[in-house]
1. For a footprinting-style exposure proxy, rank A:145, A:776 by other Cβ within 10 Å, fewest first.
2. Please provide three numbers in whole Å: the alpha-carbon extents of segment A:109-221 along the principal axes, with the largest listed first.
3. Going by alpha carbons, how many degrees (0 to 90, nearest 10) lie between the helix axis of A:142-155 and the longest principal axis of chain A?
4. Helix A:545-568: angle to the longest alpha-carbon principal axis of chain A, degrees 0 to 90, nearest 10?
5. Enter the angle in degrees (range 0 to 90, nearest 10) between the Cα long axis of helix A:620-644 and the first principal axis of the Cα atoms of chain A, meaning the one along which they spread out most.
6. Expressed as a fraction of 2.2 N^0.38 Å, the rule-of-thumb size for a compact globular protein of N residues, what is the C-alpha radius of gyration of segment A:871-913?
7. If you rank A:379, A:895 by fewest surrounding Cβ atoms within 10 Å, what's the result?
8. Arranged by the count of other C-beta atoms within 10 angstrom, fewest first, what order do A:845, A:75, A:101 take?
DNA sequence: TACGGAACGTA
DNA sequence: CGTACGTTCCGTAC
């Protein structure tokens, strides 16, 4: 017999990807079922008032206190109650059938607080990521949904737990239905079983609505019988068995209360109709719709990131909520079969047609292989549009098809998207194909929106941004990636699915860019820069292995000698000088030296501490150890460089645009941004980097004091601006003001102290840190800083204001609008908050410097090409460019570089550029 | 074999 | 108890 049903429901749970068919699960709730039901709105509201809205924001002005409290409650209750199934019911805006019965229902409630707005939708996002089904039913309240599911489940022998603060839920309590009522906040819950209800209200749960009808419910604006409270009502119910009995014998009830009842029978009857829960709504009956364990860890992390939630809540998410890998794979494979249906592998003939029809308006692409083309490398390109995924095997194309493909790729009018445009361009370049028309780089776009997020791979990105379709298709793609060496078809399919993922992500990331106000930063700066960087990487820099070999040999001899000397001073068996553990044994036990600063694992043996120990003890072992460290480090660097040299005698680093949260580039494989420069010995390594055959010299061009210039610009401090306009040495000038002496009377100690303060300011230094660095007292450090601020008050005002602005907006900003979100600025944890404050001080300065040199790189690159010069930019080291000068171009290139860098961005102080040229990087220093 | 910590190179 | 990175080694946990 079919159940009577009413209402039209909607069920949200986009992560409902686990393959659970009706056949696999019982179609009626079984005895094993332990169903948790939550009143979404009621609990969200309680969470909102339990936590301060001002302390929980996502950094973009949206309060998240209700979301946090709700998530916390869900996690706790799932963890402690271990349900097998969960559903969360929400009210819909607008009225319900109850408003038609009584037009004053719930009237007189306060307006929803401004900061509560939007939080229900965010809670639903969290639930989606947790794989928890949430439901709404038009014209009915959350309580009716809960009543329906509770009744149905209990009837089938299941167990039910209800989390609700609404008193209407009390009537649902029964032998297998327990109500968890919030006591304080949302995380402390009181168990209400039939005995507890009876105890508290003096009536059985099923009679509670009778009691409530008599007493009234002020929250719902349902007045009861004046003069009748819970005590009287309970007494009458006990005497007459329920409301029906009471009304039937109303005449017999004596006293004032009896008269009051007779005067308000209509109200009582209305109340009783209003508070009766509806138990027969039309809701999904398949238990798998409510099953636990469909949450997606990556999706949840993404949602929590957007909400700026901290690490604690993430750690506490119970595994019970999350899908296990096997189940996800099943779903992914199922979905993968569908995606394959649209996959085409065009033959050479078909390709030209495809390019001029479907792909003419642009496409997403993924390119297989490495950019160091090896023999066995496949050479497939997947191209995806809304209608087609084409996988092209470049090696099998005939000449005409290859020309068509090359033309399509090189056409700047055809917009192209890739996950990592520079990597794709490299792979195509390795096959002789040039690309123009890059319109989107997903990895960079993601980074600009969330610069503190660790870079993710494509499936990770997709999981964070997309719902079931793409999530599972890319999960499958990732899966088949592991099947190394399978046949071509499988590889083509997985590549095609990746391209499809890129295609679907493109509009989402585009919208993300707009909402973070960084779209121009991608379009006008990072995307064109990726192209410049790609060419720099491909060119590489020539390195003389012979020079490095000689250096290494010298260092090897020195290392041996210094090691022998070191051992001669400590006696006993030789130790591994590179082992902090063994060093600690020797220093603090065998030699009995005073203990140094603590580290997590013991006592530090870093250079600063060893020098300090040497000053105290004069022990020769320490000097030898330090020398050994130096020479070992040099050998390490040399060895790394030598191993990176290509057969052609060049080193090709990779510049990453999505790593440094301030917007700087980073360099890997090898890192050419940390080649020694400070010591004479270290600098010699730079003599191995030289101009290529066919080129004349290397040129280095660096910005002078760019961070201090940005500080002067951003702060508008007249004194600092004047310092730069005066042409005087900056630190000498500033020191002369701080110490109130003539510039020529500034001694080296004054200059270096002032310099330390200047740079310290941009890093958010403390008096403590300054004192430690300068080996002066904290008092002296404080005085130094105060003296500085006295003369350069604009700097102090700017630094203060910039942190406060960041605290209010939730992010810092560079001169080009590059953002960095710092939710910790409002943290209650002092350590976290102060750390965020230092980051907030530094990010606009370091980031603006990064913006400027990136602009300069675009200008310089464009100018070199425009002038048809053969000289080329090879490296960027944060405030420096290394350029290779072609014969006869030195003067032209020098002025072009100085001009391009100097006018990259107009500050209120001049941007000065120093240049030097020479055969090697060492010689080009200036 | 994988990972975190310590150490140290750069701006 | 100033920022931003990458690489190496060691020692430990698998």
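1. Least to most surrounded, the residues fall as A:776, A:145.
2. 40, 36, 31
3. With both axes taken from Cα atoms, the answer is about 70 degrees.
4. With rounding to tens, the tilt is 80 degrees.
5. Here the helix axis deviates by roughly 80 degrees.
6. After normalising by residue count via 2.2 N^0.38 Å, the value is 1.24.
7. The fewest-first ordering by Cβ neighbours comes to A:895, A:379.
8. Starting with the residue having the fewest Cβ neighbours, the order is A:101, A:75, A:845.
A short reminder: the numbers here are calculations on the coordinates, not readings from a lab. What you see is a predicted model; the values in this text were computed from it and never measured. Because the Cβ atoms are built from the backbone with ideal geometry, glycine has one as well, and the counts that use them run over all protein chains shown.
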